[in-house]
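Report on the following structure.
The values are calculated or read from the model by the stated rules, or taken from the named source; none is laboratory data. Small disclaimer: the values here were computed from a predicted structure and weren't measured. Here Cβ is always computed from backbone atoms with ideal geometry, including for glycine, and neighbour counts include all displayed protein chains.
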């Protein structure tokens, strides 16, 4: 199990650029948190990379992430990783008990929300996004309306981190892949 192989698996199932970028964003956030928690960076990054790899083929709650879990099991990915991926979707009922699972849940929706905040800036630069601007956009229910704000708050609570610090950590993580995400600015 290595990152290039996981990326190949992602690309085999995920063809749209936006979903691949989401995978890269969550992967970067997971790698960042692995450093903070002194965990295996590649393992955590792969977990983030593959959390939605089946979504394009199986976009409904009856199949995602269940089909992906089956594929990952056949590919030999570890149970802890697969359990974390299952737990990122609240509707599965899988409890998020490991630090890996809690972190994945905490960064998933927030990564997308922060990207949306960056994209509405004139420069489209993640380097200009600050936690307070993200928190301000949280209150605007019309902004990125599909993002589940309750899950973001639940993730922060489950991970046991300060909201502002957590948002800053995810911003910092996204800065590391700004060019790949199209967020390096104009």
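Points to keep in mind about this one:
- Qualifying residue in the stretch 78-87 (condition: within 22 Å of residue 115 (Cα to Cα), assigned to a loop (DSSP other than H, G, I, E, B) and in contact with a helix residue (DSSP H, G or I) (Cβ under 9 Å, 6 or more places away or on another chain)): no
- Residue 55 falls short on exactly one of the conditions (1) over 16 Å from residue 1 (Cα atoms); (2) not in a loop (DSSP other than H, G, I, E, B), and that condition is (2).
- Identity of the residue in the stretch 94-132, in a helix (DSSP H, G or I) and free of Cβ contacts under 8 Å to residues at least 40 places away in the same chain, that ends up nearest to residue 164 (Cα to Cα): 132
- Residue in the stretch 161-176 that is out of contact with any helix residue (DSSP H, G or I) (no Cβ under 7 Å at 6 or more places or on another chain), in a loop (DSSP other than H, G, I, E, B) and over 22 Å from residue 20 (Cβ atoms) present: yes
- Residue 72 vs. criteria farther than 16 Å from residue 167 by Cβ, assigned to a helix (DSSP H, G or I) and modelled with pLDDT of 95 or more: yes
- Residue 183 touching a helix residue (DSSP H, G or I) at 6+ places or on another chain (Cβ under 6 Å), closer than 19 Å to residue 27 by Cβ and at pLDDT 95 or above: yes
- In the stretch 72-84, the qualifying residues are those that are touching a residue at least 40 places away in the same chain (Cβ under 8 Å) and surrounded by fewer than 20 Cβ atoms within 10 Å (Cβ to Cβ), and the one that is farthest from residue 9 (Cα to Cα) is 78.
- Every residue from the stretch 136-186 that is crowded, with 18+ Cβ neighbours inside 10 Å and on the phi > 0 side of the Ramachandran plot: 144
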